[in-house]
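Q: One structure coming up, written as structure tokens, with questions to follow.
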Amino acid sequence: MYKARPDVQCVIHSHSYGVIPFGIAGVPLRPVVPQAGFLPMETPVFEIREATGDVESRGMLVTNATLGAFLAKKLGAAAVILMRGHGDTVVGGSVREATVRAVYTEINARILQQALQLSSTVVSLDEAELRHNAKENFDVGRPWENFRRRLERRA
């Protein structure tokens with residue numbers, strides 16, 4: 001990721017239970033809440049089967065530079081990529097930005113999943129809303145401090 005994207009200063013990989021279903025069910029993860037406006041209209045999915053070799057030599061994990069390069073290429077300019085059956089990878093320009101994005105990816109996924117249980121017609125953010133969200137330059141400092149304070153109270 002770091003080689004492919006000079007803007008990336010932090011990479012977070014998680015096995016998010018809210019996100020994993022979107023990498024295996026053929027249902028796109030779309031942004032539905034403004035805090036997840038960094039997501040593209042459809043979050044890309046890394047399918048390791050497309051990357052290289054048979055399962056005996058490749059497995060399911062990104063364990064070498066070739067698979068890492070394929071993952072980075074599939075991520076493209078996006079902030080998040082789903083990994084089929086494995087979770088997601090989130091990038092950011094800082095630890096704070098990547099962390100906030102990882103949390104809001106999970107929140108967005110859970111809200112979208114709940115909405116899909118109510119109706120197959122779910123309203124996502126549109127291109128204009130995503131562009132506006134990018135211009136607003138979502139301040140990661142506020143949610144970061146909120147998350148930090150909540151963790152301190154638990155300790």
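Q: Just order 79-85, 90-96, 128-134 by mean Cβ neighbour count inside 10 Å, highest at the front, would you?
A: Highest mean packing first, the order is 79-85, 90-96, 128-134.
Q: Using the count of nearby Cβ atoms within 10 Å as a rough guide to exposure, how do 30, 148 rank from fewest to most?
A: Values: 30 19, 148 12.
Least to most surrounded, the residues fall as 148, 30.
Q: If neighbour count is taken as other Cβ atoms inside 10 Å, put 74, 3 in order from fewest to most.
A: 3, 74
Q: Rg/Rh for the range 7-65 to two decimals, with Rh computed the Kirkwood way over all alpha-carbon pairs.
A: Working: Rg = 13.9 Å, Rh = 13.8 Å.
Dividing the radius of gyration by the Kirkwood radius yields 1.01.
Q: Let me know the charge dipole size of the chain about its Cα centre in debye, to the nearest 20, where only the beta-carbon of Lys, Arg (+1) and Asp, Glu (-1) is charged.
A: 440
Q: Output the 0 to 90 degree angle, nearest 10, between the alpha-carbon long axis of helix 127-136 and the longest principal axis computed from the alpha carbons of the chain.
A: 70
Q: Another question, then. When 1/r is averaged over all different Cα pairs and the result inverted, which Kirkwood radius in Å belongs to the range 10-148? Intermediate values should be presented prior to the final figure.
A: Numbers: mean 1/r = 0.0641 Å⁻¹.
This gives a value of 15.6 Å.
Q: Hey, what number do you get for the chain at 222 nm if only DSSP H runs of n ≥ 4 count, each worth -39500 (n - 2.57), divided across all residues, to the nearest 500?
A: Theoretical 222 nm ellipticity from helices: -13500 deg cm²/dmol.
Q: Still on this structure: Please report the relative contact order for the chain, taking Cα pairs under 8 Å with a sequence separation of at least 6, and give it as a percent rounded to a whole number.
A: RCO, the chain: 34 percent.
Q: Could I have the simple spin-label model distance between residue 61 and residue 151, label points 7 Å from Cα toward Cβ, reported in nm to one decimal?
A: Once both label points are built, they end up 2.4 nm from each other.
Q: Residue 85's amide H: which non-local residues (gap 5+, or another chain) put their own amide H closer than 5 Å, with H modeled 1.01 Å from N in plane and none for Pro or chain starts?
A: Amide H neighbours of residue 85: 23, 24.
Every read-out reported here was derived from the displayed coordinates using simple, explicitly stated rules and does not represent laboratory data. Note that the coordinates shown come from a computational prediction; the quantities given were computed from them, not determined experimentally. Cβ atoms come from the backbone with ideal geometry, glycine included; neighbour counts cover every protein chain shown.
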